[in-house]
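**Student:** Structure incoming, see below.
The values are calculated or read from the model by the stated rules, or taken from the named source; none is laboratory data. These numbers were taken from a predicted model, which means no experiment stands behind them. Don't worry about glycine lacking a Cβ; one is built from the backbone with ideal geometry, like all the others, and counts go over all protein chains shown.
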Amino acid sequence: MERGHAEALMPMVIEVLAAADGVFSDLDMVAVTVGPGSFTGLRIGLAAARGMALAASLPCFGITTLEAVAESIDPRRYPDKVVLAALDSKRGDIFIQAFGAVDRPLGPPVAVSADDLPGAVPAGPVVVAGSAADTAVGVLTDAGIQAATAAPAVPVAAAVAAIAARRRRDGVKSLRPPSPLYLRPPDTGPLDGRRRSG
C-alpha cells in the first residue's frame, strides 16, 4: 500500500481472525516483519504488533522480510544452491541476504547496488527470490554466476508465522519488543539542523 496502512491494518487483522473463527484470546504469539522495507509500513506494523502483544500478554517475535522470503523457498528443490533473498529498495539499491539452509544465514542483511551484487554473493549456484529477483538474476548471470529465480516476490504471512513458531518451539525467547531493521537512512528529515522545505 502507498497510503492508508494505519487505517487498514487492524480491520484486516479482525477480518482474518473472523475468517478463522477465532478471537484475540485464541492467539499464542504475535509475529511481525521488522524490515528492511518501507519506513511507514514498518513503523505501523511494529506498533500494531507490539500493541496486540502487550494487550494480550503474548510473546512478540520480529522476523526480517528477507528471512520470510527465504523461508518460502523449498530447500529440497534447490539442495546445492545458496538461497538469496533480494528485495527492491525502490531507491536504486537492493536489500539482500544469503542463506545456506532454513534459518541459517550466510551473512547479515545488507543494501547493495546492482553493480556490487556479484561481489556480495557467496560462491556457487544461487536461487533468488524476492521483488528484485529478476534484476539480481540478470546481474549475476552477466557476471558468470549461475542463478535462477524462485517464488515468492514478497514475504508471506505463513512464512513469518512458521519462522516464529519454529523459534518459539526451539526455545528462542522474545524478551525485547521487536524493533525496525533499517539498512539505509530515511529520505526525509532535517539536514544539518536545517528544516527541509517542501
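**Student:** Look at residue 17 and say whether it is part of a helix (DSSP H, G or I) and either surrounded by fewer than 16 Cβ atoms within 10 Å (Cβ to Cβ) or charged (D, E, K, R) (or both). Don't jump to the end; show me each part of the working.
**Tutor:** Working: part of a helix (DSSP H, G or I): yes; either surrounded by fewer than 16 Cβ atoms within 10 Å (Cβ to Cβ) or charged (D, E, K, R) (or both): yes.
Yes, satisfied.
**Student:** Every residue in region 39-68 that is touching a strand residue (DSSP E or B) at 6+ places or on another chain (Cβ under 7 Å) and in a helix (DSSP H, G or I), please.
**Tutor:** 45, 46, 49, 50, 52, 53, 65, 66, 68
**Student:** Still on this model: Taking region 116-135 as the search range and keeping residues that are more than 12 Å from residue 83 (Cα to Cα) and in contact (Cβ under 8 Å) with a residue 12 or more places away in the chain, which one is surrounded by the fewest Cβ atoms within 10 Å (Cβ to Cβ)? Steps first, answer last, please.
**Tutor:** Taking region 116-135 first, the residues more than 12 Å from residue 83 (Cα to Cα) are 116-120, 131-132, 134-135.
Then drop every residue that is not in contact (Cβ under 8 Å) with a residue 12 or more places away in the chain, which leaves 117-118, 120, 131-132, 134-135.
Values: 117: 23, 118: 17, 120: 16, 131: 21, 132: 24, 134: 14, 135: 16.
Top of the filtered list is 134.
**Student:** Right, another one. Can you tell me how many residues in region 139-176 are surrounded by 15 or more Cβ atoms within 10 Å (Cβ to Cβ) and not aliphatic (A, V, I, L, M)?
**Tutor:** 6
**Student:** Specify the residue that is farthest from the chain's Cα centre (by Cα); the eligible residues are those in region 65-97 that are of a type in the set (Gly, Ala, Ser) and surrounded by fewer than 24 Cβ atoms within 10 Å (Cβ to Cβ).
**Tutor:** Of the residues in region 65-97, the ones of a type in the set (Gly, Ala, Ser) are 68, 70, 72, 85-86, 89, 92.
Pick out the ones that are also surrounded by fewer than 24 Cβ atoms within 10 Å (Cβ to Cβ) and you get 72, 89, 92.
Details: 72: 11, 89: 12, 92: 18 Å.
Applying the filter and picking the extreme gives 92.
**Student:** Restricting to region 52-76, count the residues that are charged (D, E, K, R) and touching a residue at least 60 places away in the same chain (Cβ under 8 Å). Working first, answer last.
**Tutor:** Within region 52-76, the subset charged (D, E, K, R) is 67, 71, 74, 76.
Narrowing further to those that are touching a residue at least 60 places away in the same chain (Cβ under 8 Å): 67, 71.
Residues meeting the conditions: 2.
**Student:** Only one of 147, 132, 143, 123 is modelled with pLDDT of 95 or more and within 19 Å of residue 75 (Cβ to Cβ); which? So that I can check it myself, show each step before the final result.
**Tutor:** Working: 132 fails: within 19 Å of residue 75 (Cβ to Cβ); 143 fails: within 19 Å of residue 75 (Cβ to Cβ); 123 fails: modelled with pLDDT of 95 or more.
So the residue among 147, 132, 143, 123 that is modelled with pLDDT of 95 or more and within 19 Å of residue 75 (Cβ to Cβ) is 147.
**Student:** Going by what's in this entry, would residue 163 be described as over 20 Å from residue 104 (Cα atoms) and not aromatic (Phe, Trp, Tyr)? Can you show your working first?
**Tutor:** Numbers: over 20 Å from residue 104 (Cα atoms): no; not aromatic (Phe, Trp, Tyr): yes.
No, not satisfied.
**Student:** Could you figure out which of (1) in a helix (DSSP H, G or I); (2) at positive phi isn't true of residue 35?
**Tutor:** Among (1) in a helix (DSSP H, G or I); (2) at positive phi, residue 35 violates only (1).
**Student:** Might you let me know whether region 49-64 holds any residue that is within 28 Å of residue 185 (Cα to Cα), surrounded by 12 or more Cβ atoms within 10 Å (Cβ to Cβ) and of a type in the set (Lys, Arg)?
**Tutor:** So far as region 49-64 goes, yes, one or more of its residues are within 28 Å of residue 185 (Cα to Cα), surrounded by 12 or more Cβ atoms within 10 Å (Cβ to Cβ) and of a type in the set (Lys, Arg).
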